[in-house]
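Asker: Following this message is one structure expressed as structure tokens.
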Amino acid sequence: MRAFWDALAASVDRLTLAGWVQIISSIGAVAAAIAGASAARAGRAAARTAARQLPELQKQIEISAAQSKTADEQVTLAQEVLKAATAAVREAARARTDERAPLVVALFEAPQWPPLIDATRDRMPYGDEPRLLDQRSVGRAETASPARLFARDGARTQLMWFQTRGVLINEGTTTARVRLDDEAQFVGATAARRERLLRPGEVAPFEWGAGHTIAEWAVAREKPDPPNPLGACFLTITVFDSFEHGVFDHIHVVMSGRPIVPVDDTFDEVRLASREAEAEMEVTVFPTRRTYRSDGVRRDPLPWDGTYAAWWRANGRRTPSPMAPSH
């Protein structure tokens, strides 16, 4: 044995620097291999542990997702309940408001035939100009006649207008304040032409005048499609009460027709229709639109907007279309 160790010592003594480097490198490689094997064993163990824990983790994730979904559903349900409760309270408040609100209805006669022509006007009045139903305006207007012809480049700029009468009836249980547009006015023993109080059961007669130039009436006959607003006149009647949480009602009215007819198919000459039935003049009263003060100011589309929308898109909204008066 002593001989072995003596031989080994002799071999060590004979090792060069390169030999020692090789031995150290080999030892490092062995150590690294051992460490790698240990890490691999640890990784396999961790993987086996994770594999055992994964189903439990997945289960926890599913439980958490279900709890989150349930919470979202509860929130949605609570919002729907709140919305329904709010709507119920609002409807109950509106029902109480309706019980004490005035209820005004409008009835109209057919437009007066024949119409009038005002050679001094080329449009409806505005600003401080005399209103259409002013005595001065009525006095200078002449009755239109089917015998008179209007050339395309002639006196078609003259205003041809119709007058109609109607009544407002308060069928409610409280007093209403009623306001008319500028070209309508109350008649009878009252100094207030545009606005007046209407007590329960009271009836208020009024009159309304409106029209277009002869050229515009002619276009309404010549180009009826899409529905042409040049053959229509518009009126809005506003009804409101004096309660803090009261209502605003809007009665929208359209007077429409095609009173101008061509002498021939070219429309180079036109005239007034010979018969009232040929003019197709009529008055349409739309269902009353109610707005509650508690809802604030609203600007809903007017009932005739859909009818004439296509024409207005193509030609511009040149025909005045009054909006519901602001509250």
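The values are calculated or read from the model by the stated rules, or taken from the named source; none is laboratory data. Quick caveat, the model's predicted, so the values are computed rather than measured. Every residue, glycine among them, receives a Cβ derived from its backbone with ideal geometry; neighbour counts consider all protein chains shown. Note: accessible area is taken over every heavy atom of the protein model, side chains too, but ligands, DNA and RNA are not part of it. Shrake-Rupley method; radii C 1.70, N 1.55, O 1.52, S 1.80 Å.
Asker: Which members of the stretch 118-127 meet the condition of being assigned to a loop (DSSP other than H, G, I, E, B) and over 33 Å from the mean Cα position of the chain (by Cα)?
Answerer: Selection gives Ala119, Thr120, Arg121, Asp122.
Asker: Considering only residues that are farther than 19 Å from Asp181 by Cα and in a loop (DSSP other than H, G, I, E, B), which ones fall in the stretch 128-150?
Answerer: Correct list: Ala141, Ala144, Ser145, Pro146, Ala147, Arg148, Leu149.
Asker: Looking only at residues in the stretch 110-130 that are without any contact (Cβ under 8 Å) to a residue 60 or more places away in the chain and closer than 29 Å to Thr291 by Cβ, which one is surrounded by the fewest Cβ atoms within 10 Å (Cβ to Cβ)?
Answerer: Here the residue is Gly127.
Asker: Let me ask you something else. Filter the stretch 224-255 down to the residues that are assigned to a strand (DSSP E or B) and touching a helix residue (DSSP H, G or I) at 6+ places or on another chain (Cβ under 9 Å) and list them by number.
Answerer: Ala232, Phe240, Val247, Phe248, Val254
Asker: So, of the residues in the stretch 243-262 that are among the aliphatic types (A, V, I, L, M) and at pLDDT 95 or above, which turns out to be farthest from Ala106 (Cα to Cα)?
Answerer: Narrowing the stretch 243-262 to residues among the aliphatic types (A, V, I, L, M): 247, 251, 253-255, 260-261.
Going one step further and asking which of them are at pLDDT 95 or above, we end up with 251, 253-255, 260-261.
Numbers: Ile251: 8, Val253: 9, Val254: 12, Met255: 14, Ile260: 28, Val261: 31 Å.
Top of the filtered list is Val261.
Asker: Turning to a different aspect of this structure: State all residues of the stretch 269-310 that are under 26 Å from Pro226 (Cβ atoms) and assigned to a loop (DSSP other than H, G, I, E, B); if no residue qualifies, say none.
Answerer: Ala273, Glu280, Met281, Phe286, Pro287, Arg299, Asp300, Pro301, Leu302, Pro303, Trp304
Asker: Also, I was wondering about something else. Against the condition open to solvent by 40 Å² or more (accessible area, probe 1.4 Å), in contact with a helix residue (DSSP H, G or I) (Cβ under 7 Å, 6 or more places away or on another chain), of a type in the set (Ser, Thr, Tyr) and touching a residue at least 40 places away in the same chain (Cβ under 8 Å), how does Thr175 come out, does it pass?
Answerer: Values: open to solvent by 40 Å² or more (accessible area, probe 1.4 Å): yes; in contact with a helix residue (DSSP H, G or I) (Cβ under 7 Å, 6 or more places away or on another chain): no; of a type in the set (Ser, Thr, Tyr): yes; touching a residue at least 40 places away in the same chain (Cβ under 8 Å): yes.
Spelling it out, it is not the case that Thr175 is open to solvent by 40 Å² or more (accessible area, probe 1.4 Å), in contact with a helix residue (DSSP H, G or I) (Cβ under 7 Å, 6 or more places away or on another chain), of a type in the set (Ser, Thr, Tyr) and touching a residue at least 40 places away in the same chain (Cβ under 8 Å).
Asker: Please find, among Asp241, Asp225, Asp264, the residue that is acidic (Asp, Glu), under 28 Å from the mean Cα position of the chain (by Cα) and open to solvent by less than 70 Å² (accessible area, probe 1.4 Å).
Answerer: Asp241
Asker: From the list Thr307, Thr319, Thr284, exactly one residue is modelled with pLDDT under 80 and under 24 Å from Met160 (Cα atoms). Which is it?
Answerer: On the way: Thr307 fails: modelled with pLDDT under 80; Thr284 fails: modelled with pLDDT under 80.
The match here is Thr319.
Asker: Here is a further query. What number of residues within the stretch 199-217 are open to solvent by 50 Å² or more (accessible area, probe 1.4 Å) and among the polar types (S, T, N, Q)?
Answerer: Residues that pass the stated criteria total 0.
Asker: Please count how many residues of the stretch 46-70 are under 44 Å from the mean Cα position of the chain (by Cα) and either open to solvent by less than 90 Å² (accessible area, probe 1.4 Å) or at pLDDT below 70 (or both).
Answerer: 5
Asker: In this structure, does Trp161 turn out to be in contact with a Ser or Thr (Cβ under 7 Å, 6 or more places away or on another chain) and modelled with pLDDT of 95 or more?
Answerer: For Trp161, the condition - in contact with a Ser or Thr (Cβ under 7 Å, 6 or more places away or on another chain) and modelled with pLDDT of 95 or more - is not met.
Asker: Within the stretch 92-109, track down each residue that is within 21 Å of Glu207 (Cβ to Cβ) and open to solvent by less than 40 Å² (accessible area, probe 1.4 Å).
Answerer: Selection gives Val104, Ala106.
Asker: Report, by residue number, each residue of the stretch 264-277 that is of a type in the set (D, E, K, R) and under 23 Å from Leu107 (Cα atoms).
Answerer: Glu276
Asker: Looking only at the stretch 151-168, filter to residues that are open to solvent by 40 Å² or more (accessible area, probe 1.4 Å) and either in contact (Cβ under 8 Å) with a residue 12 or more places away in the chain or assigned to a strand (DSSP E or B) (or both); which one of those is nearest to Leu107 (Cα to Cα)?
Answerer: Val167
Asker: Then there is this: Which residue pairs have Cβ atoms closer than 6 Å, lie 6 or more positions apart in sequence or on different chains, and pair a first residue in the stretch 207-227 that is closer than 13 Å to Tyr308 by Cα with a second residue that is open to solvent by 20 Å² or more (accessible area, probe 1.4 Å) and among the basic types (Lys, Arg)?
Answerer: Every condition considered, the pairs that remain are Ala220/Arg258.
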